[in-house]
Structures are given as structure tokens and as C-alpha cells.
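Chemist: Right, I'll just put the structure down here and ask away after.
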């Protein structure tokens, strides 16, 4: 798909109304020849005009309806245009315009340059469909441009796999393919921590339900309202809300305000005091130290808090160094046994 293809859309920004096109049969659109209606585009795709001459024969019932290409619209306007529903005739009109192209595409071999140009025209014709679904899913945490790109890949895959001889309209085939590609993008790329697929789909359902109920009731819904709306247990709603914490993570090196001199997230987190590890042991030892004789307790204090050697302790207390070593070993064994009992 060329750069110009991504920037083109119908002037009405036609977005399909799914399932409604079959209810009304609009009037046949006025035929517009490629070389007369849009000369600049027709000049750029001579092989298409040569490859599908029947599409340029207005009034020829066997050739089908000529194909009016969409008018040029700046890319910025295409992205920002609201997803308004088009007239009911747009879906049928698009299907009738593209039917001859799909029939011609099915007869061309891969690698034929005419096939590539036909695919490009078909992609341009159906880009409004992709924009519609990209906007529909854009409130779920992923950028609109990313969803538009993923949806376009789904559209191209649908065009390549579509078989016009099976009697199914392209719209019915393309919609599940495009939405499936977008949902797969959410499952594969959107989650920072992998969670079961059931919870991923529940998360998407909850997001849609929150938006719908908030607009309907004028306030954010609580878990009970969500459970009633979706017809699932409240515990399952709570599970789906909790799993949202695994959707997107934040880097500890991320700036809080986006400015270069602003603190990072890591700078706002407290540090663990290394001395905290010894608090539990000291609190557990305190009642045990009260049970040993005063001399043994003094030996422990001089050895571990006074950093004195056994010879220095022996000289201070007035006993031999061997006696100090024996008393120290016996006292430590008694304290160790008391800690293990607790």
C-alpha cells in the first residue's frame, strides 16, 4: 500500500452500519469513469484501466458498475473526522463499485502488477471501515495510529483471501477479519504481564460496559451494576477489574511530569533500611537474654557489641580465655535453642 493510499478516503468519511445495508436497496449510483471523474488518479494507474476494461464501459450490464475512486483527503482530517454513520446506501454502493474489481482480482496471478494496483484501489475503498473500528477500540489504551495500521493489515488479509464466487459479500467477510486482527493486537501487545485469555476478554468487556453504563446512568458503575449488565457473578467482575493492573506497566526511570529535570518514579520510592532485618531477631532475643546469668550476658555484650577478643574479655572479667570460649559457646547454643522453640 502506497503513502497516497493511506491518505485517501471518501469525502463523506463513510463508516458502515453493520447489518443495516440489507434493509434498503438504494438507487444505482451514477457511473463515473476513471479517466473522466478523477484524471489525476487514472493517470497514475494505467495498468488497472488496461486490466479491467469492462469497468470503464458505462451502461454495459455485463461489465458491472464503473468504479469511482475516493477523493483526496488530508491524512490529518482523515484521522480526526468523527466516526459518523454514513447513509444506508453507502455500503451497497461500495459493494457494487468493488464487485467487478474482486472478480478481476480473482483471475490474476500473484506477482501480476495489475493485481497489486487492484489491491491498492480496494484497500483505499475500504479504509473508512478500518478507521471506524480503530476509533471504536481507541479508548482502550492503544494509540489510534497503531490500531489503524493493524486494522489495515487485517483488511489486506481479507482482500487476499476473499473468494467472490462463494456468494458472500465482502463486508461480511472483512469485518471479523479486521476486528480479529485488532483484538489479537490487544492480546499480544497490550499486556505487560501475560494473563489468561479469558481474563483478557473479560477486561475488554468490562471496559466497554463501563463506558456504556457511565453514559447511560451519568455516573461510574460499581461492580454490582457491571455484573448485572454483563450477566456474570460479581466475583468475576472484581477479578476482571483487578487484572487491569497487569495491562500496562511504568518504568522506574520514567519522568513524572515529562520534563527533563523532573524526578523519576524511582526517586519517589522509599528505600528499605538494612537495620530492619535485625529488628525481629533483637526483639526475639531480648526475653531470652534475661534468662541467662549476668556473667554470660556480659560476655555476649563485650564480644558482639564491644568487639573485644576472647583474651580481652578474659582479662576484663578475670577468668581464662579458654573459660571464656566455653561459656560463649554454651550461651550461644542456649539462645539458638530458644529461638528455634519460638
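Chemist: What is the residue count in segment 307-333 for residues that are surrounded by 14 or more Cβ atoms within 10 Å (Cβ to Cβ) and under 60 Å from the mean Cα position of the chain (by Cα)?
Modeler: Qualifying residue count for the region: 1.
Chemist: Here are 236, 283: which of them is closer than 30 Å to residue 210 by Cβ and at pLDDT 75 or above? It would help to see each step written out before you state the result.
Modeler: Values: 283 fails: closer than 30 Å to residue 210 by Cβ.
Being closer than 30 Å to residue 210 by Cβ and at pLDDT 75 or above holds for just one of 236, 283, which is 236.
Chemist: Please specify each residue of segment 215-232 satisfying the condition of being assigned to a loop (DSSP other than H, G, I, E, B) and surrounded by 11 or more Cβ atoms within 10 Å (Cβ to Cβ).
Modeler: From segment 215-232, those assigned to a loop (DSSP other than H, G, I, E, B) are 218-222, 231-232; that's our starting set.
If the condition is that a residue be assigned to a loop (DSSP other than H, G, I, E, B) and surrounded by 11 or more Cβ atoms within 10 Å (Cβ to Cβ), then 221, 222, 232 are the ones that fit.
Chemist: Can you find even one residue in segment 74-84 that is in contact with a helix residue (DSSP H, G or I) (Cβ under 7 Å, 6 or more places away or on another chain) and either modelled with pLDDT of 85 or more or within 24 Å of residue 167 (Cβ to Cβ) (or both)?
Modeler: No, the conditions are met nowhere in segment 74-84.
Chemist: Here are the criteria: (1) exposed (fewer than 14 other Cβ atoms within 10 Å of the Cβ); (2) part of a helix (DSSP H, G or I). Tell me which single one residue 237 does not satisfy.
Modeler: Going through the list (1) exposed (fewer than 14 other Cβ atoms within 10 Å of the Cβ); (2) part of a helix (DSSP H, G or I), residue 237 breaks only (1).
Chemist: Here's another thing I want to ask about it. What is the residue count in segment 188-214 for residues that are at pLDDT below 75, within 19 Å of residue 236 (Cβ to Cβ) and in a helix (DSSP H, G or I)? Lay out the reasoning, then the answer.
Modeler: In the first step, residues of segment 188-214 are kept if they are at pLDDT below 75; the result is 188-195.
Next cut, within 19 Å of residue 236 (Cβ to Cβ) only: 191, 195.
Still in the running and in a helix (DSSP H, G or I): none.
Going through segment 188-214 one residue at a time, the tally reaches 0.
Chemist: Here is a further query. Is there any pair with a first residue in segment 175-188 that is closer than 11 Å to residue 200 by Cα and a second that is outside any helix (DSSP H, G or I) whose Cβ atoms are under 8 Å apart and which are 6 or more apart or on different chains, and what are they?
Modeler: Cβ pairs passing all conditions: 186/142.
Chemist: Closer than 19 Å to residue 141 by Cβ, assigned to a loop (DSSP other than H, G, I, E, B) and modelled with pLDDT under 75 - does that describe any residue in segment 241-248? Before the answer, list the steps.
Modeler: First, the residues of segment 241-248 that are closer than 19 Å to residue 141 by Cβ: 241-248.
In the following step, the residues that additionally are assigned to a loop (DSSP other than H, G, I, E, B) were identified as 247-248.
From what's left, modelled with pLDDT under 75: 247-248.
For segment 241-248, residues closer than 19 Å to residue 141 by Cβ, assigned to a loop (DSSP other than H, G, I, E, B) and modelled with pLDDT under 75: present.
The values are calculated or read from the model by the stated rules, or taken from the named source; none is laboratory data. On a predicted model such as this, the values are computed, not experimentally measured, just so you know. All Cβ positions, even for glycine, are placed from backbone atoms using ideal geometry, and neighbour counts span all protein chains on display.
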